[in-house]
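Peer 1: Take a look at the following structure, please.
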Amino acid sequence: MAEKYIVIANSLELELKKMRSEGISRLPSENFLADKYSCSRQTIRAALEILKRSGLIEKRTGSGSYIVDDKLKNKTVFFITDDCDRYLNPAIISGLRSGLRSMKFKLKAFSTYGSSKEEAYAITEAINEKAAAIIIEPSRDLIPGLFTRLIEEAVSSWIPVIWCNAAYPPEGTVCIAPDYRKGGRKITDKLKENGRKNIACIFRLDSSAGREGYEGYIDSVFGTDLPFEDFGALLLTYDQEKDIISGRGEILSAFLDKISSCCDAIVCQNGMLAHQTISLLRKKGISVPEDFAVACFDNDCFTEHDTGLITIGYDNDYLCKALAKTVSDLAEGRSAKAVTVPLNIN
């Protein structure tokens, strides 16, 4: 059960909206509130401190506590991701910025380049600025780091935190993401329907999206006559994936040498890995998709030019609208639920 001062702070936050609608700006005295909630003035002060830290009220010496003018509240939303200029992110940032602008919010985007230090820096900046909300697309969320503690601090400071495109959201955050496990199962099933009998995979196991996709792949293979071999799964770290995408594909090349004679398909975590996989397979004289099928999550510029590639992806507009609405609801004190973004095979 939450501490009493937190319960009181939640109740007072609802009262503030009613007071604002009635043109009342000054809160009742601490003595009045202590009597109303049957508690000590110290408990009331702790509740008021939460509202103050959230930017909802201000304390004026000798006068009391007042509702902060809504026009003076911070309307900046922090978007924290791996690289703002790479892959799907430019389209997400553009769509999100447009959606937030219509709701009178502005967007500040941060690139972390997979660094937990940079993620921690961006979250700290958001806390210091009392941001309207934080949207974070974590790089390596299965690896403990400073950012997990800072997310707890942001939540305790009443800054809404939205966990984007990842599973296992921290307590107090709202998750908006596809069901990657279901997606992994669905796209592997598609390869099976197409007659593929020996399906390999490439996923990252330091990210929840990769782990869930891999779980879905195993779900699809389990209980069928399709063989599952450890050597048919290339499980990467963030740095290994980055090397492959950058063209330093020794790990991927060696893996494809090992499986190409016994497998006829592969599921990749994203379009960047799929693109590199197709390029290396063709250099090895293997025809795609005739001899070897490639499937992946995401449908973007990397996959548009690879004919025969099977993709499963989400509607970017759907994601952006869900993020913008959730930001608006949480920043303005309304409740918001997790959103599962639909995945569709193309």
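Results for (1) within 15 Å of Trp158 (Cα to Cα); (2) surrounded by 14 or more Cβ atoms within 10 Å (Cβ to Cβ); (3) free of Cβ contacts under 8 Å to residues at least 24 places away in the same chain, shown as yes or no for each residue.
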{"position": "Leu27", "(1), (2), (3)": "no, yes, no"}
{"position": "Asp35", "(1), (2), (3)": "no, no, yes"}
{"position": "Ser40", "(1), (2), (3)": "no, no, yes"}
{"position": "Arg53", "(1), (2), (3)": "yes, yes, no"}
{"position": "Gly62", "(1), (2), (3)": "no, no, yes"}
{"position": "Lys75", "(1), (2), (3)": "yes, yes, no"}
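Peer 1: In a loop (DSSP other than H, G, I, E, B) and in contact with a Ser or Thr (Cβ under 7 Å, 6 or more places away or on another chain): is that true of Ala274 in this structure? Give the derivation first.
Peer 2: On the way: in a loop (DSSP other than H, G, I, E, B): no; in contact with a Ser or Thr (Cβ under 7 Å, 6 or more places away or on another chain): yes.
No.
Peer 1: Also, I was wondering about something else. Can you name every residue in region 138-155 that is crowded, with 21+ Cβ neighbours inside 10 Å and part of a loop (DSSP other than H, G, I, E, B)?
Peer 2: Pro138, Ser139, Arg140, Asp141, listed by residue number.
Peer 1: Identify all residues within region 8-58 that are touching an Asp or Glu at 6+ places or on another chain (Cβ under 9 Å) and among the basic types (Lys, Arg); write none if there are none.
Peer 2: Lys17, Arg20, Arg41, Arg45, Lys52
Peer 1: Would you point out which residue out of Val294, Val267 is among the β-branched types (Val, Ile, Thr), touching a Phe, Trp or Tyr at 6+ places or on another chain (Cβ under 9 Å) and either assigned by TED's automatic domain parsing to the domain that holds Leu14 or touching a residue at least 24 places away in the same chain (Cβ under 8 Å) (or both)? So that I can check it myself, show each step before the final result.
Peer 2: Numbers: Val294 fails: touching a Phe, Trp or Tyr at 6+ places or on another chain (Cβ under 9 Å).
Going through Val294, Val267 in turn, just one is among the β-branched types (Val, Ile, Thr), touching a Phe, Trp or Tyr at 6+ places or on another chain (Cβ under 9 Å) and either assigned by TED's automatic domain parsing to the domain that holds Leu14 or touching a residue at least 24 places away in the same chain (Cβ under 8 Å) (or both): Val267.
Peer 1: Continuing with this model, one more query. Could you look through region 310-319, keep only residues that are in contact (Cβ under 8 Å) with a residue 60 or more places away in the chain and under 25 Å from Lys104 (Cα atoms), and pick out the one that is surrounded by the most Cβ atoms within 10 Å (Cβ to Cβ)?
Peer 2: Leu319
Peer 1: Of all residues in region 107-133, how many are charged (D, E, K, R), within 14 Å of Lys75 (Cα to Cα) and modelled with pLDDT under 95?
Peer 2: Residues in region 107-133 being charged (D, E, K, R), within 14 Å of Lys75 (Cα to Cα) and modelled with pLDDT under 95: 2 in total.
Peer 1: When you scan region 114-125, do you find a residue that is in a loop (DSSP other than H, G, I, E, B) and either among the β-branched types (Val, Ile, Thr) or surrounded by 15 or more Cβ atoms within 10 Å (Cβ to Cβ) (or both), even just one?
Peer 2: Within region 114-125, one or more residues are in a loop (DSSP other than H, G, I, E, B) and either among the β-branched types (Val, Ile, Thr) or surrounded by 15 or more Cβ atoms within 10 Å (Cβ to Cβ) (or both).
Matching residues to (1) surrounded by fewer than 20 Cβ atoms within 10 Å (Cβ to Cβ); (2) at pLDDT below 95; (3) assigned by TED's automatic domain parsing to the domain that holds Arg185; (4) not in a strand (DSSP E or B):
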site: Asn299; (1), (2), (3), (4): no, yes, yes, yes
site: Thr303; (1), (2), (3), (4): no, yes, yes, yes
site: Gly308; (1), (2), (3), (4): yes, yes, yes, yes
site: Lys321; (1), (2), (3), (4): yes, no, no, yes
site: Ala324; (1), (2), (3), (4): no, no, no, yes
site: Ser328; (1), (2), (3), (4): no, yes, no, yes
site: Gly333; (1), (2), (3), (4): yes, yes, no, yes
site: Ala336; (1), (2), (3), (4): yes, yes, no, yes
site: Thr340; (1), (2), (3), (4): yes, no, no, no
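Peer 1: Does Ala254 satisfy being assigned to a helix (DSSP H, G or I) and in contact (Cβ under 8 Å) with a residue 24 or more places away in the chain? Steps first, please.
Peer 2: Numbers: assigned to a helix (DSSP H, G or I): yes; in contact (Cβ under 8 Å) with a residue 24 or more places away in the chain: no.
So Ala254 fails the test.
Peer 1: Among the candidates Ile44, Ile67, Ile92, which residue alone is surrounded by 15 or more Cβ atoms within 10 Å (Cβ to Cβ), touching a helix residue (DSSP H, G or I) at 6+ places or on another chain (Cβ under 7 Å) and in the same structural domain as Lys325 (by TED's automatic domain parsing)? Break it down into steps so the answer makes sense when it comes.
Peer 2: Numbers: Ile44 fails: in the same structural domain as Lys325 (by TED's automatic domain parsing); Ile67 fails: in the same structural domain as Lys325 (by TED's automatic domain parsing).
The unique qualifying residue is Ile92.
Peer 1: Of all residues being among the β-branched types (Val, Ile, Thr) and farther than 30 Å from Gly114 by Cβ in region 46-92, which is farthest from the chain's Cα centre (by Cα)? Just the residue, please. Can you show your working first?
Peer 2: If we filter region 46-92 for residues that are among the β-branched types (Val, Ile, Thr), which is where we start, we get 50, 57, 61, 67-68, 76-77, 80-81, 92.
From what is left, the residues that are farther than 30 Å from Gly114 by Cβ are 50, 57, 61, 67-68.
On the way: Ile50: 26, Ile57: 30, Thr61: 41, Ile67: 32, Val68: 30 Å.
It comes out as Thr61.
Peer 1: Filter region 98-133 down to the residues that are aromatic (Phe, Trp, Tyr) and within 17 Å of the chain's Cα centre (by Cα) and list them by number. Step through it out loud before you land on a result.
Peer 2: In the first step, residues of region 98-133 are kept if they are aromatic (Phe, Trp, Tyr); the result is 105, 110, 113, 121.
Passing the criteria: Phe110, Tyr113.
Peer 1: From (1) among the polar types (S, T, N, Q); (2) at pLDDT below 95; (3) touching a helix residue (DSSP H, G or I) at 6+ places or on another chain (Cβ under 7 Å), pick out the condition that doesn't hold for Ser156.
Peer 2: For Ser156, the exception is condition (3).
Peer 1: Same structure again: Find all pairs meeting these conditions: Cβ atoms under 6 angstrom apart; at least six residues apart or on different chains; first residue within region 111-122 and β-branched (Val, Ile, Thr); second residue surrounded by fewer than 18 Cβ atoms within 10 Å (Cβ to Cβ).
Peer 2: Thr112/Glu118
The values are calculated or read from the model by the stated rules, or taken from the named source; none is laboratory data. Keep in mind the model is a prediction, meaning the values are calculated, not measured. Note that we place each Cβ from the backbone using ideal geometry, even for glycine, and neighbour counts take in every protein chain shown.
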